[in-house]
Amino acid sequence: MALMPRTEQRDLGDSDSPIEDELEDAFSRMIGEGTQRLHRPWREVLTTGFFGGTEVALGVLAYLSVLSATHNPLLAGLAFSVGFLALLLGHSELFTEGFLIPVTTVVAKRASPGQLFKLWSGTLVANLIGGWLIMWLIMTGFPKLRAQTIESAQHFIEAPLGAESLALGILGGMVITLMTRMQHGTDSVPGKIAAAIAGAFLLAGLQMFHSILDSLLIFGALISGDAPFGYFDWLAWFAYTAPANMAGGLALVTLLRLIRSKDRLKDERDDAEADD
C-alpha cells in the first residue's frame, strides 16, 4: 500500500511559516513588541515600570476594599482585575510580565541578554517604588483599610518557607505569564480584557504568591505603622517568591512555547544573523 506523501505545515496554511497561522500571528506580535521593549533606554524602562507599580496598587485598593466589605477573597480577586486592566490599556508593565515576550525575543536574536537584564532589573525596582508610593497614599487616604491590609499581608509574610509556599509562587508566575500569552494570542480587545480578569481572579482571588502584588500589600501594612513585621521580613519573603515566580513563568510557559515554536525561532535567528 502506497504511503501518503509527507506534507510540511508551511504548505497547509495561508503563510509559509513552519507553525500554524494563528501561532505565526502571535509570534510576530511578540517579536515586534519584544524588540521595541528591549531596545528602550533606561528612562523609558523605569518610567513604564513605575506606572506599572502605581496601576497595580490601584488594583490592590480595589482588592482591599471588596475584601474588607465582603471577606470573600474570590470577589476581591475579581475587583483586583482593575489593576491588570490598567496595565493592559495603559501599556505599562510588571516585572513578572517580562518572561514570555522578552525571552522569546532574545532567543530569536532580536535583542541581547544584557538588554533583558536591563528590562528585568529596571522594571522590578520601578514597580516596587511606584507601588510603595501609591500604597502610602492609600494608607493615608483610607485609614479604615489598614487593619485589612495588615491581615492580608500577614497571610504571605508569615507563611513558612516550604513546598506549599514555593508551589504558590511557581503557580503565580505561571498564571501571569499565561495571561500574557493569552493576550498576545488574539487581536480582540474583549479577549484581552477577559484574560486580564481571569488572571486577576486566579492570582489574587486564590491568594497565590506574587512578588509585586503581594509586596504592595506588605508595604501597605508596613506604612500603616502597626505591622508585627519589618522590611527585613519582607525581603526574606521576596527572596524566594521572586525566583519561584520566574521558575513558573519561564519553565512552565515560556520554555514550552519556545519548544512549540522551535522551527519558527530558527528562521528568525537566521534572519537576524543575515541582517547583521
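The values are calculated or read from the model by the stated rules, or taken from the named source; none is laboratory data. In this text the structure is predicted, and so the values were computed from the model without any measurement. With ideal geometry, Cβ positions are generated from the backbone for all residues, glycine too; neighbour counts draw on all protein chains shown.
Here Pro228 fulfils each of the conditions (1) in a helix (DSSP H, G or I); (2) loosely packed, with under 15 Cβ neighbours inside 10 Å apart from (1). Scanning region 176-197 for residues that are free of Cβ contacts under 8 Å to residues at least 40 places away in the same chain and within 13 Å of the chain's Cα centre (by Cα) yields Met182, Ala195.
Conditions (1) of a type in the set (D, E, K, R); (2) within 15 Å of the chain's Cα centre (by Cα), marked per residue:
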| position | (1), (2) |
| --- | --- |
| Glu24 | yes, no |
| Leu78 | no, no |
| Leu88 | no, yes |
| Glu97 | yes, yes |
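Any residue that is surrounded by 19 or more Cβ atoms within 10 Å (Cβ to Cβ), more than 16 Å from the chain's Cα centre (by Cα) and modelled with pLDDT under 95 - is there at least one of those in region 266-274? Within region 266-274, one or more residues are surrounded by 19 or more Cβ atoms within 10 Å (Cβ to Cβ), more than 16 Å from the chain's Cα centre (by Cα) and modelled with pLDDT under 95. Scanning region 16-72 for residues that are modelled with pLDDT of 85 or more and of a type in the set (Asp, Glu) turns up Glu33, Glu44, Glu55. Of all residues in region 207-243, exactly one satisfies the criterion of being farther than 25 Å from Val82 by Cβ and within 16 Å of the chain's Cα centre (by Cα), namely Pro243.
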